[in-house]
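What follows is a single structure, written as structure tokens, with notes after it.
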Ligand code: OAD
């Protein structure tokens with residue numbers, strides 16, 4: 001039996017599937033991944049901008065980067081991988097979608113109750129009063145201010161060295177512990193704590209299926225690895241799951 005057929009059978013039998021996605025799921029929507037080709041912004045590694053120290057040193061530069069990403073995301077549309085996950089949720093008794101992505105393309109495709117481990121680009125958070133505002137659909141000025149108190153705001157994303165939102169993290173951990181199948185899509189599996197969910201799932205007895213362009217550090221420990229574009233593999237996998 002091929003890996004693909006085995007993966008389809010596992011999907012068809014599962015009572016609770018947890019899906020964890022990374023930047024690769026949005027690559028076919030034209031959003032560059034962090035570590036692949038095209039990951040640099042003006043010759044800079046985005047990881048050097050996605051950090052509190054970078055924002056403290058030069059908020060204008062960090063906002064320029066995030067305003068560029070916000071514009072890119074606003075123009076992008078969900079691709080067949082996002083859409084296949086909406087369909088999968090309809091076909092299985094329970095599905096929990098966990099994402100490291102901040103682009104909200106899962107939600108725009110129709111996925112509900114998405115656990116956003118790293119926040120999102122739609123919202124901003126005030127450095128003064130702490131208020132969070134949804135500023136999606138707006139083109140923000142170079143140094144955007146809080147609608148309530150006028151202080152500088154920052155993107156409501158998790159930066160390197162910062163904690164993940166506690167409630168979201170607990171829900172994600174609980175999902176991978178209780179799921180019988182965990183589908184890991186388009187993540188390099190090197191950024192912790194998110195990548196640790198894969199080992200947690202395995203320890204709890206879930207079968208883990210990885211979908212990626214290429215093997216990752218997690219590949220050695222997954223039950224099945226399917227290598228190719230998520231936008232091609234997921235629709236076939238989901239269709240196979242229902243037959
Ligand atoms: P990465 O950029 O590290 O990895 C993207 C992964 O997607 C790679 O393993 C690629 O092989 C794979 N990939 C690319 N195109 C694909 C396609 N069409 N189909 C399937 N797979 C594809 O992105 P993440 O793992 O999401 O965090 O990165 C994790 C975190 O690091 C991000 O959430 C972000 C970043 O720094 C923060 O900003 C806190």
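Quick look at the numbers
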| read-out | value |
| --- | --- |
| Boolean, residue 20 is in contact with a strand residue (DSSP E or B) (Cβ under 6 Å, 6 or more places away or on another chain) and surrounded by 13 or more Cβ atoms within 10 Å (Cβ to Cβ) | yes |
| Residue 47, sole failed condition from (1) away from the ligand (no atom under 13 Å from the Cβ); (2) surrounded by fewer than 17 Cβ atoms within 10 Å (Cβ to Cβ); (3) touching a residue at least 60 places away in the same chain (Cβ under 8 Å) | (1) |
| Qualifying residue in the range 111-124 (condition: surrounded by fewer than 21 Cβ atoms within 10 Å (Cβ to Cβ) and in a helix (DSSP H, G or I)) | no |
| Every pair of residues 6+ apart whose Cβ atoms lie under 7 Å, when the first sits in the range 230-242 and is over 12 Å from residue 7 (Cβ atoms) while the second is more than 8 Å from the ligand (Cβ to nearest atom) and at pLDDT 95 or above | 231/79; 231/80; 235/80; 235/84; 242/91 |
| Boolean, residue 228 is surrounded by fewer than 16 Cβ atoms within 10 Å (Cβ to Cβ) and near the ligand (Cβ under 9 Å from one of its atoms) | yes |
| Filter result for the condition that a residue is under 28 Å from residue 13 (Cα atoms), away from the ligand (no atom under 12 Å from the Cβ) and touching a strand residue (DSSP E or B) at 6+ places or on another chain (Cβ under 7 Å), over 92, 73 | 92 |
| The one condition in (1) within 16 Å of the ligand (Cβ to nearest atom); (2) surrounded by 16 or more Cβ atoms within 10 Å (Cβ to Cβ); (3) over 28 Å from residue 69 (Cα atoms) that residue 220 fails to fulfil | (2) |
| Odd one out for residue 60 among (1) in contact with a strand residue (DSSP E or B) (Cβ under 9 Å, 6 or more places away or on another chain); (2) more than 15 Å from the ligand (Cβ to nearest atom) | (1) |
| Pick from the range 163-178, criterion in contact with a helix residue (DSSP H, G or I) (Cβ under 7 Å, 6 or more places away or on another chain) and touching a residue at least 40 places away in the same chain (Cβ under 8 Å), ranking: farthest from residue 31 (Cα to Cα) | 176 |
| Among the residues listed as 7, 81, 18, 12, the single one being under 15 Å from the mean Cα position of the chain (by Cα), farther than 22 Å from residue 140 by Cβ, away from the ligand (no atom under 12 Å from the Cβ) and touching a residue at least 60 places away in the same chain (Cβ under 8 Å) | 18 |
| Candidate set from the range 156-194 (those that are part of a strand (DSSP E or B) and near the ligand (Cβ under 10 Å from one of its atoms)); member that is surrounded by the fewest Cβ atoms within 10 Å (Cβ to Cβ) | 157 |
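The values are calculated or read from the model by the stated rules, or taken from the named source; none is laboratory data. Predicted model only: the values in this text are computed from it and were never measured. Every residue, glycine among them, receives a Cβ derived from its backbone with ideal geometry; neighbour counts consider all protein chains shown.
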